[in-house]
1. Could you look through the range 114-144, keep only residues that are surrounded by fewer than 16 Cβ atoms within 10 Å (Cβ to Cβ) and small (Gly, Ala, Ser), and pick out the one that is farthest from residue 65 (Cα to Cα)?
2. Find the strands (runs of 3 or more DSSP E) located wholly in the range 19-135 whose residues include 2 or more that are modelled with pLDDT of 90 or more and among the aliphatic types (A, V, I, L, M), and list them.
3. Is it the case, given these coordinates, that residue 74 is over 28 Å from residue 137 (Cβ atoms), among the hydrophobic types (A, V, I, L, M, F, W, C) and open to solvent by less than 90 Å² (accessible area, probe 1.4 Å)?
4. From the list 93, 126, which residue is without any contact (Cβ under 8 Å) to a residue 12 or more places away in the chain and among the small types (Gly, Ala, Ser)?
5. Just wondering, is there one or more residues in the range 105-120 that are among the acidic types (Asp, Glu) and in contact with a Ser or Thr (Cβ under 9 Å, 6 or more places away or on another chain)?
Amino acid sequence: MSFGGFERGSAPSQPMAEINVTPLVDVMLVLLVIFIITAPLLSYAIKLDLPNDPAPASEPAAATVKLSIDAGGAVFWDGEPVSDAELTARMAAAAKATTLPEVHLRADKATRYERISLVLSTAQQAGLAKIGFVTEPARPAANR
């Protein structure tokens, strides 16, 4: 940027108020040439003949067992009440399936931990390894 003027004489020099556009034009011309050269390369496609082999069948999705325990300690298998012996038998049968089911355990907050640990140990002894605890999201403080 230049601060000098073109005038000579006794008058104090004023800053030059004209914009020099030559560098701007030079940069724009260089960019234009670069885009002209690279534009055809961006649209170039390679023709390929891909194989048409079918993909192997995916494994079926694992079944889900929904276990619920109420405040009194009663256990429900997919909404149906079961006894302890029946729970053990159903878990053993589920563990023998080709794909192990996922167990979703939902328990009332007043349920004793002893009852929950008994159900968990029964599942572990049967060979069911995928166990998840289902909870409800916390309500905001204003709605409580």
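The values are calculated or read from the model by the stated rules, or taken from the named source; none is laboratory data. Keep in mind that what you see is a predicted model, and the values were worked out from it rather than measured. Reconstructed Cβ throughout: ideal geometry from the backbone, glycine too, with neighbour counts over all protein chains shown. These area figures cover heavy atoms from the full protein model, side chains too; ligands, DNA and RNA do not enter into them. Shrake-Rupley method; radii C 1.70, N 1.55, O 1.52, S 1.80 Å.
1. 142
2. 64-69, 102-107
3. The answer is no for residue 74.
4. From the options 93, 126, the qualifying one is 93.
5. Initially, the range 105-120 is screened for residues among the acidic types (Asp, Glu), giving 108, 114.
If we keep only those that are in contact with a Ser or Thr (Cβ under 9 Å, 6 or more places away or on another chain) too, we end up with 108.
The answer is yes; a qualifying residue exists.
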